[in-house]
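As structure tokens, the structure follows; a few thoughts come after it.
The values are calculated or read from the model by the stated rules, or taken from the named source; none is laboratory data. Everything quoted here is computed from the prediction, not taken from an experiment. Backbone-built Cβ (ideal geometry, glycine too); neighbour counts: all protein chains shown.
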Amino acid sequence: MIRGSRSTPAHYVHRFAWIIQPYALIAIAVSLDVMVGVKISQFKSSFEERTLSAWQIVLADGFRKSGNKEALEYLNRVDGILCLTKTWCAITLKERIKLAGVFLPVSDVQRGSYLAEADLENAFLVDSNFHGSWMRAINLRNADLRGAIFTETRLQNADLQGAILSGRTRVPGTGAEREHPLSIDLSRSVLTGADLRGVVAPDTDTLIAILDQTCGDDQTRLPDDLKAIGYQIPVCSDQPWFEPVHIHENRPASSWSGPS
């Protein structure tokens, strides 16, 4: 009776299921791995398209005012799957891109690119050109700005804490250091209310030479070493080139279709 009971169809089904169980689990794991791989590949392709779109906006010929802010922010951050911060994702599909040599054209009749409140923290902007841009309250904390051109920019309430304004840097393509330190050009830039604490320069004289070409106010926060010697940034209202802005800044419509 016992031996007969083991020969029932249910017994054979159970035994067959027990035999194929490991193979079924392997098949499921392989299927999931393939599906995840395909999905990641699709995500990566999407990020590559967004990156290309961002570069097309930033590097477009002629005057392009809209979209630069969002495009530069996207290029400057890490992106992928399950991103918890601007610099970390569970699966990274796009690394932070160095923005050295970026040039944002300026027309003769309009101001430069609208980058107010842009988040470019830790950005690598060596030799970049932002002449005439609107940069009110921009975040340039710890950014590398050696050799960058910020002439006639509006940097009211900008955060430049820890930014590198001058110093030696590597020559692109060679890895060798430049013969002479490279400094940011802030000529005729407005730094009212800007935070300059901790900015990096080879020496105090270099930093003073940079800031003497700008203007600020009593709300401009200077580096401790300049405060210690009683340095005062030129006051904007005393500069013949300073033009107060009384009109309301309206944010232009963005042509950037990437993620916000």
Residue check, ASP33 loosely packed, with under 12 Cβ neighbours inside 10 Å, at pLDDT 65 or above and among the acidic types (Asp, Glu):
yes
Starting from residues that are in contact with a helix residue (DSSP H, G or I) (Cβ under 7 Å, 6 or more places away or on another chain) and surrounded by fewer than 22 Cβ atoms within 10 Å (Cβ to Cβ), keep the ones in the range 58-75 and report whichever is modelled with the lowest pLDDT.
ARG64
Taking the condition out of contact with any Cys (no Cβ under 7 Å at 6 or more places or on another chain), under 28 Å from ALA116 (Cα atoms) and at pLDDT below 90, does LEU182 pass?
yes
Do we have any residue at all in the range 124-143 that's closer than 30 Å to SER41 by Cβ and at pLDDT 90 or above?
yes
Of the residues in the range 185-220, how many are in a strand (DSSP E or B), more than 15 Å from ILE138 (Cβ to Cβ) and within 25 Å of the chain's Cα centre (by Cα)?
2
Considering only the range 214-242, state which residues are farther than 21 Å from VAL200 by Cβ, surrounded by 12 or more Cβ atoms within 10 Å (Cβ to Cβ) and charged (D, E, K, R).
ASP217
Kindly list the number of the only condition in (1) surrounded by fewer than 11 Cβ atoms within 10 Å (Cβ to Cβ); (2) at pLDDT 70 or above; (3) hydrophobic (A, V, I, L, M, F, W, C) that fails for TRP88.
(1)
